[in-house]
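Read the structure below first, then the notes.
The values are calculated or read from the model by the stated rules, or taken from the named source; none is laboratory data. Computed from a predicted model, the values in this text were never measured in an experiment. We place every Cβ from the backbone using ideal geometry, glycine too, and count neighbours over all the protein chains shown.
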Amino acid sequence: MSHLTKPQLRATIMLSFAILLTISVNTLYNQYRLENISTGNTNPEDARMLDSLLALIPPEMERYPSHSASFFSKEEPEVEAPVELNLHSFDPNTVSKEDWLEMGLPEKVFNGLEKYRSKGGRIRKPEQILKLYNLEPSIGQQLVPFVKTDSTNIFARSAFPKREFKPYTPKPVVPPFDLNKADSNQLKNVFGIGGKTAARILKYRNSIGGFLQKEQVFEVWGLDTVVVEELFKKSYLPPNPEITRLKINQLTEEELANNPYIRKGMARIIVKYRTQHGPYKSAEDLLKIKILKPDVVSKISPYLEF
């Protein structure tokens, strides 16, 4: 607590003295009126003395003379008679105003209850009635035994429509498919493969004549490693994959060039050498063409038919 300054302390003392003086003068004046003036025993000197004392009372205090007199009053305050109630069981969430007033309950309390209900509020336990605005505690205690509400079951399962739960059916396990026989729909079931990617895989597979090894899938343009690994999980290649072979001694230059492993220039040389030296009997005959590298011949030889 902060200390009072000297001017504040002086003002406080003067104010306290004025209050005590006002109370004393009013008390003496009232007692004089009751004892002397009412009996006709009025002393002019006493009257002048009281008038001089009354002149010391501030104007603000003269406006309320009864305050000082009531300070010493020994009269007991009037006690209001208890309200007679005609209580019966009721639901505070549905009770009407007429029924409320018939029980002898205050209208202002019902108005607060109705406002509470209009905003979606609900009384779920009897003890909650004690929290109503303007409700006297004595009346509230009398109301508690008569509060009957079904709000306690508001979250019961029967309050909501029963939900039908379908038995869990696991997704059917899709068996791995032959990579050389797979269609577009099977490929699109693999994570990361859409319609265009599936079309590129099929086009490349058919152009080389089929996959002999899974690693050949990496040769498809635009395939991510993660997608290829997902494809490997859902597909397989048999020990002896079925492939389409190239009839090297019958196909034209254009037909041979359609295979990604045989470029257009290579196809021209193969056909020209065949025309000059006759049909090829084995893959070793291709090695006689000096410009053909052994690794290229080794790569295309499984797809050749002589």
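Using the structure shown, decide if Tyr280 is surrounded by 12 or more Cβ atoms within 10 Å (Cβ to Cβ) and within 60 Å of the chain's Cα centre (by Cα).
Answer is no for this residue.
Per-residue answers, yes or no, for (1) assigned to a loop (DSSP other than H, G, I, E, B); (2) modelled with pLDDT of 95 or more; (3) within 22 Å of Phe177 (Cα to Cα); (4) out of contact with any Gly (no Cβ under 6 Å at 6 or more places or on another chain):
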position: Arg200; (1), (2), (3), (4): no, yes, yes, yes
position: Glu215; (1), (2), (3), (4): no, no, yes, yes
position: Leu223; (1), (2), (3), (4): yes, no, yes, yes
position: Asn249; (1), (2), (3), (4): yes, yes, no, yes
position: Met266; (1), (2), (3), (4): no, no, no, yes
position: Lys290; (1), (2), (3), (4): yes, no, no, yes
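Within the set of pairs 6 or more residues apart or between chains, which connect a residue that is within 19 Å of Ser282 (Cα to Cα) inside the stretch 232-260 to a residue that is aromatic (Phe, Trp, Tyr) with Cβ atoms less than 7 Å apart?
Listed pairs, sorted by first residue: Ile243/Tyr303; Arg245/Tyr303; Leu246/Tyr303; Ile248/Tyr280; Ile248/Phe306; Asn249/Tyr280; Asn249/Phe306.
Kindly evaluate Leu223 against the criterion of being buried (at least 18 other Cβ atoms within 10 Å of the Cβ), assigned by TED's automatic domain parsing to the domain that holds Val190 and under 30 Å from Ser184 (Cα atoms).
For Leu223, the condition - buried (at least 18 other Cβ atoms within 10 Å of the Cβ), assigned by TED's automatic domain parsing to the domain that holds Val190 and under 30 Å from Ser184 (Cα atoms) - is met.
Okay, residues lined up against (1) at pLDDT 95 or above; (2) assigned to a helix (DSSP H, G or I); (3) of a type in the set (A, V, I, L, M, F, W, C); (4) not assigned by TED's automatic domain parsing to the domain that holds Tyr204:
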residue	(1), (2), (3), (4)
Tyr261	no, no, no, yes
Tyr280	yes, no, no, yes
Leu287	no, yes, yes, yes
Asp295	no, yes, no, yes
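Determine whether the stretch 234-246 contains at least one residue that is more than 30 Å from Gln276 (Cβ to Cβ), under 44 Å from the mean Cα position of the chain (by Cα) and part of a loop (DSSP other than H, G, I, E, B). Working first, answer last.
Here is the first cut: in the stretch 234-246, the ones more than 30 Å from Gln276 (Cβ to Cβ) are 234-242.
The next check asks that each one be under 44 Å from the mean Cα position of the chain (by Cα); those that pass are 234-235.
Then drop every residue that is not part of a loop (DSSP other than H, G, I, E, B), which leaves none.
No: zero hits.
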